[in-house]
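Reading through the structure tokens given below for one structure.
Please treat every number below as a calculation from the coordinates, not as lab data. All of these numbers come straight from a predicted model, not from anything done at the bench. All Cβ positions, even for glycine, are placed from backbone atoms using ideal geometry, and neighbour counts span all protein chains on display.
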Amino acid sequence: MTGVDEYKKGGGAIASTSEGTASSAGVDRRAPPTRCAVITPYLTKRALRGQTERREPQARLDEAVGLAAAIDNLDVVYSALIPLSEIRPATFLGTGKVEEIGGVVKAEAVDLVFFDAALSPVQQRNLERAWAAKVVDRTALILEIFGQRARTKEGALQVELAHLNYQRSRLVRSWTHLERQRGGFGFLGGPGETQIEADRRLIGERIVRIEKELQQVKRTRGLHRASRKRVPYPVVALVGYTNAGKSTLFNRLTQADVTAQDLLFATLDPTLRAVDLPHGTRIILSDTVGFISDLPTQLVAAFRATLEEVLEADLILHVRDISHPDSEAQSADVADVLTELGVEVQPGGRVVEVWNKIDRLELEAREAVLNSARRLTGVDAPVVVSALSGEGTGDLLDVVERRITAGRSTLVVTLAAADGEGMGWLYRHGEVLDRATEPDGAMRVTLRIAPERVGLVKRHFGSRQVRGT
């Protein structure tokens, strides 16, 4: 069986260790959950040599357990922090720790070990031999979660592309059974290609096909964006660390029913909905995949087509879980990913911070957060909300409207009372702020519109009927 066959049979990075059956009588006999151990290594202060870690080890372990819990049919029976003075090339951990964890794996009948770090193929192979259990690293687990959550064709293609790039990187000295040679083809003669070369070639061919399909997806999304710009509706994108509450906020603002769970990576595929702001401005709100620290580079590249909604957005709402003890570190991780995508995160830019989950805070902590928000003024001021209860969402919509309409021109257009067609035209092409009837019966309409469209209004109604304010 080749490495590609193993990948397909396993369904991705993690293959089930037991199979469920159902009798002819229809009795549900589901497979028992896979027993999982979570190991989070971290360098001690001495090993860091004066450098600082962005997040606390316990917060990293909690996140790792949450990642494992996001996989269907995994039961975390053991978790541990492992301090390291150095990283060993062969097994990442020292010999003593490898043996210690091996004892736990055996005692707890662990089938799968989630190692919360990036492992080389050699390290993964050596740990699997030492522990007699399947070992997956952080990249593999995140890829597995994405594989389970993708629903659209685009999402599935992006996940498969990331999986294959990861799988290709594993075809280096890790699959010893792939090193045998095949015979040549007919008259070609020669020693033939090794199994590992054949697998690498097959994976490479599949990657090329997927990339071509994703280019078509990219073109289609580009056409959709171009059509929206002709309307035109501004695009507002929600971004944030995974499980920050983006989908709950999206549902609150759009009255939609997007999957929103207290689960890492509950949302994978992008969702867009139209939203009318308090004074009538219509926007397109986009919900996107959550970010995470140490996001696999394969995923950043593979999901660039999805995240183009963020790149093209007129305004970006950075949703933060302000109740999370690691909120500051999560915010920095999101800023890193946005910067990698080419979005400038700077004062006065197009990013607005939204401090979510205020409802989770005790009274004293809540007041501290509100005071912190009040001290930040102007365009840098965050908006404090609870997506769950709706608290603060009205203020958020006001802020979005002010930022979206900043720099727009305000016109007053005078229409005949019976000019229904003209009134409809104004509603289609601008934002009607006010309507008033003049003593002579004419209708005076106050309109807010993009500066480049002022000439269009004047050409349609004539300069005499249009004046600025």
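Given H placed 1.01 Å from N in the peptide plane, which residues other than close sequence neighbours of GLY240 have an amide H under 5 Å from its amide H?
PHE291, VAL319
Can you sort HIS318, HIS279, HIS324 from fewest to most other Cβ atoms within 10 Å of each residue's own Cβ?
Starting with the residue having the fewest Cβ neighbours, the order is HIS279, HIS324, HIS318.
Can you list residues whose amide H is under 5 Å from ILE82's amide H, if they're 5+ apart or on another chain and H is modeled 1.01 Å from N?
Close amide H contacts, sequence-distant or interchain: THR40, TYR42.
Using θ = phi - 60° and the Karplus relation 6.51 cos²θ - 1.76 cosθ + 1.60, list the HN-Hα couplings for the range 86-97 in order, rounded to whole Hz, with x at every Gly or Pro.
6, 9, 8, x, 7, 9, 6, 9, x, 4, x, 5
Hey, what's the Kirkwood Rh for the range 409-468 if you take every pair of different alpha carbons, in angstrom?
Kirkwood radius, the range 409-468: 11.3 Å.
If you plug each phi of the range 446-459 into the Karplus form 6.51 cos²θ - 1.76 cosθ + 1.60 with θ = phi - 60°, what whole-Hz ³J(HN,Hα) values come out, in order, with x for Gly and Pro?
8, 10, 10, 8, 4, x, 6, 9, 4, x, 4, 5, 5, 5
Please arrange GLU56, GLU431 by how many other C-beta atoms lie within 10 Å of their C-beta, fewest to most.
GLU56, GLU431
Which order results if ASP434, ASP326, ASP440 are arranged by neighbouring Cβ count within 10 Å, fewest first?
ASP440, ASP434, ASP326
Once you keep just the Cα pairs under 8 angstrom separated by 6 or more residues, what percentage relative contact order results for the range 409-468?
Averaging sequence separation for qualifying contacts and normalising by length gives 46 percent for the range 409-468.
For THR271, what residues show an amide H to amide H distance below 5 Å, using hydrogens built from the backbone and excluding near sequence neighbours?
ASP287
Taking K and R as +1 and D and E as -1, what net charge do the other residues with C-beta under 14 Å from the C-beta of GLU401 add up to?
0
What whole number of Å gives the distance from the Cα centroid of the range 455-469 to the Cα centroid of the range 69-109?
With the range 69-109 and the range 455-469 each reduced to a Cα centre, they are spaced 72 Å.
Could you derive backbone 3J(HN,Hα) for the range 198-212 from the dihedral phi with the Karplus parameters 6.51, -1.76 and 1.60 (θ = phi - 60°), listing whole Hz in sequence and x where the residue is Gly or Pro?
Computed from phi, the couplings for the range 198-212 are 5, 5, 4, 5, 4, 5, x, 5, 5, 4, 4, 5, 5, 4, 5 Hz.
Mind pulling the per residue volume of the convex hull built on the Cα atoms of the range 47-152? Å³ is fine.
118
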